[in-house]
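Participant: My questions will all concern the structure given below.
The values are calculated or read from the model by the stated rules, or taken from the named source; none is laboratory data. Everything quoted here is computed from the prediction, not taken from an experiment. Glycine also receives a Cβ, built like all others from the backbone with ideal geometry; neighbour counts cover every protein chain displayed. Side chains are part of the model used for accessible areas, which takes the heavy atoms of the whole protein and leaves out ligands, DNA and RNA. Shrake-Rupley method; radii C 1.70, N 1.55, O 1.52, S 1.80 Å.
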Amino acid sequence: MKEVLTLKKTLILLLAVIVIISCVFAACSKNNEDEPNTTEPIAAADDEYGFETQNVTDKDGKEVTDKEGNKVTTNVAVKYKTDKNGKLYAEILDEEGNPVKDDDGKVVTIPVTEATTKKGESNKTTNSTEIKTTLSNDDTTTGPNTTTTRPAPTGTTKKDVPMTSEEKTTAFNGSETVPKTTATGEEVNFSLVDQEIVTSMLEVPYLYIKNYENSDGVPIELAVHTAVWMTEREGSTRDTYPSSPIVLNLFKYYGQTVVNFKTKCNTVANEVGAPIEYISSNDTFKITEYTPKKQTVKITKIEDLGNNNFYKVTGTVSGCNKSKVVAVIQKNRLDVTLGFSLKAIKWS
């Protein structure tokens, strides 16, 4: 009888131990699911960049007005932040992507109208003053390990269709509905300079490896090659870059934030052969070479899709396994040397 009681006690204790061990494993498992991966440095987290409108002031700090008495404004590159109370604000960035500081060494910030600003977008308005850009007919860009020369463009659209106005640029508030690549509109013509710019944007090496509509978000596979191209077109010869201007350049090119770019950059870049590496330890990008030219695009048709200066561009393609490209672009001033953003693209 004593042996039976002893056996029962042993079984009860054994069951209790099993239950305790199970609870411990369950708790560990839950913690692993709920807690973020802390092995990746905080710097690798994606930041939100964009543009905000700021009133222009003179040397005395007074707001500048035009002849009609309207305040003169300009767009400034910013990095979005949230204060301890959860309120959104923006830090103004310089050309290198670093926060601008005042005479006292404090970072210059501006308030953000959250009602018109969503993640990946911004509440931008156009500059009051007209910004015009002139490109040479023979544009040569040099950079690490390569030199690319573009021949002078020729008019590829019909001559009996209206030419778009140089002043016709968008207010771009980031909240409009972007047309799909299947949309159609009235055929128009672009100047040779604008044709050259759009053609060069569509000739970003290996841009043809993915299709996307604007609502899909920008594929990282395209963004890694675009980041390299944007650096090359600026004529830079260094190998390492702060992350801010690289990410901001992508925002200018695509007109929206490339989600998870820094966290996915290295994996995707290795998969698609893009010569770019994100270094999380110091929040920089390394680009040691530029990608040689791959596809050649010849624009054959441009259509005005309306709705805040969206255009559909159709062209023939050579030099790769595609023969046609259809892209939706927006005419804007996110990058004054481009004047356009690529909003959607389809290769076939």
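Participant: Looking for whichever is open to solvent by less than 30 Å² (accessible area, probe 1.4 Å) and either within 13 Å of the chain's Cα centre (by Cα) or among the basic types (Lys, Arg) (or both) here; the options are MET201, MET230. Which one fits?
Facilitator: Only one candidate qualifies: MET230.
Participant: Can you name every residue in segment 291-301 that is open to solvent by less than 70 Å² (accessible area, probe 1.4 Å) and in contact with a helix residue (DSSP H, G or I) (Cβ under 8 Å, 6 or more places away or on another chain)? Quick ask: steps written out before the conclusion?
Facilitator: Filtering segment 291-301 down to residues open to solvent by less than 70 Å² (accessible area, probe 1.4 Å) leaves 291, 295-297, 299-300.
Passing the criteria: THR291, GLN295, VAL297, ILE299.
Participant: Would you say VAL258 is of a type in the set (Val, Ile, Thr), assigned to a helix (DSSP H, G or I) and surrounded by 15 or more Cβ atoms within 10 Å (Cβ to Cβ)?
Facilitator: No: the conditions fail for VAL258.
Participant: For segment 83-108, give me each residue that is surrounded by 11 or more Cβ atoms within 10 Å (Cβ to Cβ) and either farther than 21 Å from ASP283 by Cβ or without any contact (Cβ under 8 Å) to a residue 24 or more places away in the chain (or both).
Facilitator: From segment 83-108, those surrounded by 11 or more Cβ atoms within 10 Å (Cβ to Cβ) are 87-94, 97-101, 107-108; that's our starting set.
Those that are surrounded by 11 or more Cβ atoms within 10 Å (Cβ to Cβ) and either farther than 21 Å from ASP283 by Cβ or without any contact (Cβ under 8 Å) to a residue 24 or more places away in the chain (or both): LYS87, LEU88, TYR89, GLU91, ASP94, PRO99, VAL100, LYS101, VAL107, VAL108.
Participant: Quick one: ASP335 ticks every box in (1) closer than 28 Å to VAL76 by Cα; (2) part of a strand (DSSP E or B); (3) touching a Lys or Arg at 6+ places or on another chain (Cβ under 7 Å) bar one, so which box is it?
Facilitator: (2)
Participant: Of (1) within 21 Å of the chain's Cα centre (by Cα); (2) open to solvent by 10 Å² or more (accessible area, probe 1.4 Å), LYS343 satisfies all except one. Which?
Facilitator: Answer for LYS343: the failing condition is (2).
Participant: Any residue at all in segment 272-285 that is crowded, with 17+ Cβ neighbours inside 10 Å and part of a helix (DSSP H, G or I)?
Facilitator: No, segment 272-285 contains no residue that is crowded, with 17+ Cβ neighbours inside 10 Å and part of a helix (DSSP H, G or I).
Participant: Sort out which residues of segment 204-227 are open to solvent by less than 10 Å² (accessible area, probe 1.4 Å), farther than 20 Å from PHE51 by Cα and in a helix (DSSP H, G or I), and write them in order of number.
Facilitator: Those that are open to solvent by less than 10 Å² (accessible area, probe 1.4 Å), farther than 20 Å from PHE51 by Cα and in a helix (DSSP H, G or I): LEU207, LEU222, VAL224, HIS225.
Participant: Taking the conditions exactly as written (surrounded by fewer than 11 Cβ atoms within 10 Å (Cβ to Cβ) and touching a Phe, Trp or Tyr at 6+ places or on another chain (Cβ under 9 Å)), does ASP58 satisfy them or not?
Facilitator: no
Participant: For ASN321, state whether it is within 21 Å of the chain's Cα centre (by Cα) and open to solvent by 10 Å² or more (accessible area, probe 1.4 Å).
Facilitator: Details: within 21 Å of the chain's Cα centre (by Cα): no; open to solvent by 10 Å² or more (accessible area, probe 1.4 Å): yes.
It is false that ASN321 is within 21 Å of the chain's Cα centre (by Cα) and open to solvent by 10 Å² or more (accessible area, probe 1.4 Å).
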